[in-house]
Amino acid sequence: MKARRICDGVQWMGYVDWNRRLFDALVPLPDGTSYNAYLVSGTDKTALLDAVDPAVSDVLMRQLENVERLDYVIAQHAEQDHSGAIPTVLERYPHALVLCTAKAKALLIDHLDIPAGRIQTVEDGETLALGGKTLRFVHTPWVHWPETMCTHLAEDRILFSCDFFGSHLATTDLFAGTDPYVCEAAKRYYAEIMMPFRPMIQNNMKKVRALEFDFIAPSHGPIFDHPECILSAYEDWISDRVSNLVVLPYISMHGSTEMMVSYLVAALAERGVKVQKFELSTTDVGKLAMALVDAATIVIGTPTVHVGPHPSVFSATHLANALRPKLKYAAIIGSYGWGTKAVEQIAALIPNLKVEVLGTLMCKGLPHEADFAALDALAETIKEKHAGL
Ligand code: FEO
């Protein structure tokens with residue numbers, strides 16, 4: 001794709017990666033992604049905001065072919081999907097300087113061997129005049145690494161936000177418009193990438209809200225030309241509010257855990273509690289992460305393998321702990337053949353989840369009447385805890 005005009009003196013550059021299906025060899029990308037860079041041309045100076053993944057640096061270099069002079073590369077984030085092509089850009093423009101936070105400088109040197117002499121650090125709130133276009137750097141740590149910042153272009157009322165407000169979405173649309181699917185993709189992105197940093201994002205949201213802009217231009221996915229929808233969505237996701245929702249990741253080997261899970265799901269539904277159930281041999285872990293953004297309760301269902309939880313449950317529980325969702329309650333149910341330490345091992349996996357444990361129930365072999373009664377009691381407790389949500 002060629003460079004695209006956003007407004008006078010501001011162009012989108014980058015690469016729409018329709019075929020990428022995995023990020024960090026971990027995160028599923030059902031809709032691909034994009035690596036957005038932005039060229040801001042003032043009357044005196046020109047700056048490139050972020051670059052692209054190094055695998056597609058040739059695409060960015062072709063888009064820059066007619067740009068004779070580049071004065072600055074603004075590195076808002078040191079992760080390679082945005083910074084990886086910077087060394088190639090610096091080779092083409094030997095007088096260009098990289099501008100970034102002090103933490104980003106160290107990371108760019110470590111990760112990309114960019115010479116320290118080519119990097120100049122910028123303070124929070126510092127401005128850069130390009131001639132009719134003024135960039136203000138706003139330090140926003142932990143969206144997504146500790147060094148990240150956003151950049152505000154006052155004259156054109158654009159906030160360049162890099163990963164913040166991004167979405168892994170390949171599309172020919174330059175602008176998101178009011179397409180609700182973009183917000184859905186942004187929620188998946190928040191769940192998978194940003195959720196562990198919720199307290200820091202709360203602070204960053206206050207800084208962003210103090211700025212005046214009509215566009216949010218992230219470095220993944222389309223540009224928000226109706227930014228209030230993504231801003232209010234983020235405010236909801238990062239708030240302390242949880243919803244009347246149970247997330248239930250589970251797996252079953254010989255059917256006992258499946259019977260317990262099915263019974264509990266029905267018992268919760270009868271009591272007006274919404275459940276999202278994830279069978280872990282087939283589930284999209286991105287969907288599981290999205291459900292964790294809002295859920296009040298997690299119920300983990302596992303059979304016993306070599307005394308511990310099933311490896312798929314181990315992995316999903318580890319992921320839930322790493323994402324630090326705002327869950328308030330948890331329970332563990334499942335089954336075993338002759339002995340089990342699955343509950344103890346799962347409990348040890350979730351130190352980051354500040355949850356009240358509402359119950360644990362491990363069944364030897366098939367569940368019987370007393371087990372179903374215990375599941376009814378668990379459903380009743382969850383209903384009572386969710387009252388008012
Ligand atoms: Fe899109 Fe944290 O990189």
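What to note about this one:
- Charge dipole (debye, nearest 20) of the chain; +1 at Cβ of Lys and Arg, -1 at Cβ of Asp and Glu: 480 debye
- Measuring between their Cα centroids, region 40-76 and region 150-210 lie 21 Å from each other.
- Looking at region 1-97, the DSSP beta bridges with both ends there are about 80 percent antiparallel.
- Global dimensions of region 298-389 from alpha-carbon coordinates: Rg and Dmax equal 13.4, 41 Å.
- In this simple spin-label approximation, Ala387 and His306 carry label points 7 Å from Cα along the Cα→Cβ vector, and these lie 4.6 nm apart.
- Dipole orientation for the chain: of the candidates Leu389, Ala96, Val59, Leu389 has the Cα lying most toward the positive pole (charges on Cβ; Lys, Arg +1; Asp, Glu -1).
- Nitroxide proxy distance, nm - points 7 Å out along Cα→Cβ at Lys206 and Asn19: 4.7 nm
- Electrostatic dipole magnitude of region 55-178 [Cβ: Lys, Arg +1; Asp, Glu -1; Cα centre; debye, to 20]: 180 debye
- The C-alpha atoms of the chain define a longest principal axis, and helix 198-209 lies at about 40 degrees to it.
- Relative to the current alpha-carbon distance between Ala102 and Asp376, full extension at 0.36 nm per residue lengthens the span by 93.1 nm.
- For Leu90, Leu49, order by how many other beta-carbon atoms lie within 10 Å, fewest first: Leu90, Leu49
- Only helices enter this figure: runs of n ≥ 4 DSSP H residues, each worth -39500 (n - 2.57), summed and divided by the residues of the chain, yield -9500 deg cm²/dmol at 222 nm to the nearest 500.
- Potential lengthening between Glu270 and Trp338 on full extension [0.36 nm per residue; Cα-Cα distance subtracted]: 21.2 nm
- Charged-residue dipole, Cβ positions (Lys, Arg, Asp, Glu), region 167-251 about Cα centre, Debye nearest 20: 400 debye
- Stretchable slack from His95 to His111, in nm (0.36 nm times residue separation minus alpha-carbon distance): 3.6 nm
- Distance between the 7 Å Cα→Cβ label points at Glu356 and Ala154: 5.0 nm.
- Rounded if a/c under 1.5, otherwise prolate or oblate - region 151-200, Cα gyration tensor axes: oblate
- Where the alpha-carbon atoms of the chain are placed on the principal axes, they occupy 79, 40, 34 Å, in descending order.
- Top positive-direction residue, dipole computed over the chain with Cβ charges, set Leu231, Met259, Pro30: Met259
- Cβ-based exposure ranking for Met290, Met61, in which fewest neighbours within 10 Å come first: Met61, Met290
- For region 255-271, the residues whose backbone nitrogen is under 18 Å from a point 7 Å from the Cα of Leu366, taken along Cα to Cβ, are 255-264.
Taken together, the values in this text are just the output of simple stated rules run on the coordinates, not laboratory data. Since the structure is predicted, the reported quantities are computational estimates derived from the model, not experimental observations. All Cβ positions, even for glycine, are placed from backbone atoms using ideal geometry, and neighbour counts span all protein chains on display.
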